[in-house]
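Working notes, structure below.
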Amino acid sequence: MKKIKKYKVAIIGCGKIAVEENNYCKKVQPGTHAGAFKAHPEIEIVGFADIDQKRLNIALKKFPGVPLFISAEEMIKKTQPDIVSIATHTNSHASLVKLAAKYKVKAIVCEKPMASSIQEAKKMINVCHNSGSLLFINHTRRFDPLFIKLKKEINEGMIGQVVQGSYYYYNGIFNNGTHAVDLMRFFLGDIDWVIATKNKLAKNLELPHLRKDLNVDALLHFKNGATIHLHPLPANYGFSDIYLFGTMGSISLKEMNFKIEYRKLVNNKNFKGYNGLEEKAIIKGGLRSYMKSLPGHVIDCLKGKSKSISKGEDGLEAIKILSLLKKSALTGGKKIKVEN
C-alpha cells in the first residue's frame, strides 16, 4: 500500500478556537483548528505554541504526545511545518504571520479578523507574497460545501436579483460582525457604500478582547444594487440568522446559518393581485462542521489542484469595510463610499 504523504502543521495558540471543543455538540465537530487538522488523513500536528502554560496543558490533555512550545519561533524552527495555523487574538496576527513567512512556511492559516488595521493587513499580504507563502483567512463559512453551492445558486439567479437582506450578529462588529461582512461579500460581491450608527443596547460578553468592540446598526450597499442591513443583538442571544430577499423568492439561513431555507415568490391566496412567499420551504443543510473542509482546501491549494477561496486579499476587504463602519458610527452615521 502506498504511504500517504503527511503535511506537517504547527498551531500557534491553544485557546477556545484552537483546541477546546467543550461548547460544541458532536454534530458540529471538529470545531477547532486542531480538531480539523487532526481529522484529515494527510496531516500531522507537529507542535502547539502558546505563551500561557495553562493553555498548553489543555492542549497536552487533548492531544497527548504533540510537542509543546512557549515560543512560536522555536516551534517553527524545530518542527519545520508545511502549514502554520494562527489561532490567537487579533492584535498578534500580523507579527505571527510575518514570523511564519520569515521561515517560508508554505501555507499560513490566520484566524479572523485578519488584522487590527488596514495597514497591518496589507503588510501581511506583502510578506506572504515575498516569501511565497499561501495566506488563508479563516472565515469558516467560505470553506463549507453548502455555502459554496449557495453562492453559485445566488449568482445564477435562484431567487432572482437580491434586493434586500438582514444579518443578525452579536459580540461586536470586529468579532462576529466580520463573518457578516465577509459572507455577504462572498455571496454578493463588492460593496459600494456603508452607513452605521452605534447601538448602545447590544452588549458584548465580558471578555477583555471584546469590551471595546462596537456594535452597530448598519447598511451595506452593494455594487449590484442589493442592500444588506446589519442588526446587533445582546451577546446572550447567540443568534446569527440571515434573510435575503430577491425578485423571485427568498433565502433564509437559520440556526447559526446551519439550516438553509428556500422559498419561491407565489400568488397570495388571500389577497388577489398580491404576491408572497410560499409557506413550505425547501430546506437544506443542518448541524455540521464549518471547520472540517478547511484542511483539505489548504492541501488542494498546496498541490496546485485549487485556488484559495479565502485569501489575504479577502480578509483585507473585510477589514476595510469594518473600519468604514466604525468610522461612520463614530461620525454620527455618515455615508461613506468604499474606495477600491
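The values are calculated or read from the model by the stated rules, or taken from the named source; none is laboratory data. If you're wondering where the values come from, they're calculated on a predicted model, not measured in any experiment. Glycine gets a Cβ as well: all are built from the backbone with ideal geometry, and neighbour counts include every protein chain shown.
Computed values, structure above
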quantity: Residue in region 117-139 that is assigned to a helix (DSSP H, G or I) and aromatic (Phe, Trp, Tyr) present; calculated: no
quantity: Within region 21-50, tally of residues that are buried (at least 17 other Cβ atoms within 10 Å of the Cβ) and over 18 Å from the mean Cα position of the chain (by Cα); calculated: 9
quantity: Within region 97-120, considering residues that are in contact with a Leu (Cβ under 8 Å, 6 or more places away or on another chain) and surrounded by fewer than 19 Cβ atoms within 10 Å (Cβ to Cβ), the one farthest from residue 319 (Cα to Cα); calculated: 106
quantity: Test result for residue 187, at pLDDT 95 or above, closer than 22 Å to residue 262 by Cβ and touching a Gly at 6+ places or on another chain (Cβ under 8 Å); calculated: no
quantity: Residues within region 306-340 that are crowded, with 20+ Cβ neighbours inside 10 Å and in a loop (DSSP other than H, G, I, E, B), tallied; calculated: 1
quantity: Residues of region 80-118 satisfying the condition of being under 14 Å from the mean Cα position of the chain (by Cα) and of a type in the set (Lys, Arg); calculated: 112
quantity: Residues being without any contact (Cβ under 8 Å) to a residue 12 or more places away in the chain and either more than 14 Å from residue 186 (Cα to Cα) or surrounded by 15 or more Cβ atoms within 10 Å (Cβ to Cβ) (or both) - total across region 121-152; calculated: 2
quantity: Selection status of residue 303, surrounded by fewer than 17 Cβ atoms within 10 Å (Cβ to Cβ), in contact with a Phe, Trp or Tyr (Cβ under 6 Å, 6 or more places away or on another chain) and not assigned by TED's automatic domain parsing to the domain that holds residue 120; calculated: no
quantity: Extreme residue, nearest to the chain's Cα centre (by Cα), among residues of region 220-235 that are surrounded by fewer than 20 Cβ atoms within 10 Å (Cβ to Cβ) and part of a loop (DSSP other than H, G, I, E, B); calculated: 234
quantity: Wholly enclosed helices (runs of 4 or more DSSP H) of region 1-104 bearing at least 2 residues within 24 Å of residue 213 (Cβ to Cβ); calculated: 93-102
